[in-house]
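The values are calculated or read from the model by the stated rules, or taken from the named source; none is laboratory data. Please read all numbers here as calculations on a predicted model, not as lab measurements. Note that each Cβ is placed from the backbone with ideal geometry, even for glycine, and that neighbours are counted across all protein chains shown. Quick note on the areas: whole protein, heavy atoms, side chains included, nothing else; ligands and nucleic acids left out. Shrake-Rupley method; radii C 1.70, N 1.55, O 1.52, S 1.80 Å.
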Amino acid sequence: MAADSNRGLALVLAGVALLVAATLAAYRVPAPLGPDAPPGVFSAHRAKATLRELVGDGAPHPIGSSAEARLRETIIARLRALGYAPELQSGYACNDGVCGKPVNIVATLGGNAGVKDAVLLAAHYDSVPAGPGASDDGAAVATVLEIARILAARPGPPAR
């Protein structure tokens with residue numbers, strides 16, 4: 001009787017192990033692509049290089065600072081080089097009694113006349129006063145710029 005229960009337990013454990021292995025295999029994260037990745041696909045290497053360019057100096061760039069203005073100009077220059085038409089939008093925002101004047105960068109590709117479908121990519125490029133903002137939210141800005149590069153490299157939509 002004890003041998004049967006041990007055999008049953010062994011079968012259940014083997015089944016659970018097989019299920020875990022199959023799940024891990026099915027949801028395995030692909031390896032990041034390097035600098036030689038085709039132009040139409042995301043390259044973690046290119047995004048990391050962009051992040052290094054944006055915040056590699058380690059300087060904070062809080063809202064309203066000259067460092068934030070320089071970073072904004074770097075992002076705008078990148079977008080223009082990709083063929084986007086950046087436009088700035090600003091206004092006052094307050095949170096917990098602290099107010100600032102954030103400046104949003106809104107960039108369109110190929111004009112927007114008659115466009116019915118669009119993609120919105122969003123990230124903030126300011127940082128806290130104490131740090132460079134590499135993870136909050138520089139990595140997202142670098143990701144957005146890499147995706148913007150991919151979208152700019154794709155052929156335009158078919159004529160309707």
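Here are the numbers for the structure shown:
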item: The range 42-160, accessible surface, carbon-and-sulfur percent (1.4 angstrom probe); result: 56 percent
item: Selected from Pro32, Pro60, Pro86 as most flexible by GNM, with the chain as the system and alpha-carbon contacts under 10 Å; result: Pro32
item: Structure-derived semi-axes √(5λ) of the Cα gyration tensor in Å - corresponding label in [x] 22, 20, 18; [y] 44, 24, 16; [z] 30, 21, 14; result: [y]
item: Linear extension gain, Arg52 paired with Arg154, 0.36 nm per residue minus alpha-carbon span; result: 34.2 nm
item: For the chain, accessible area per residue (1.4 Å probe, heavy atoms of protein chains only), Å²; result: 70 Å²
item: Residues Leu24 and Ser65, FRET efficiency given R0 of 41 Å [Cβ-Cβ distance, rounded to 0.05]; result: 0.35
item: Using θ = phi - 60° and Karplus 6.51 cos²θ - 1.76 cosθ + 1.60, couplings along the range 66-72 (whole Hz; Gly, Pro as x); result: 5, 5, 5, 4, 5, 5, 4
item: For the range 67-101 versus the range 1-63, the gap between their alpha-carbon centres in whole angstrom; result: 33 Å
item: Counted charge near Gly83, where neighbours are those whose Cβ lies closer than 14 Å (Asp, Glu -1; Lys, Arg +1); result: +4
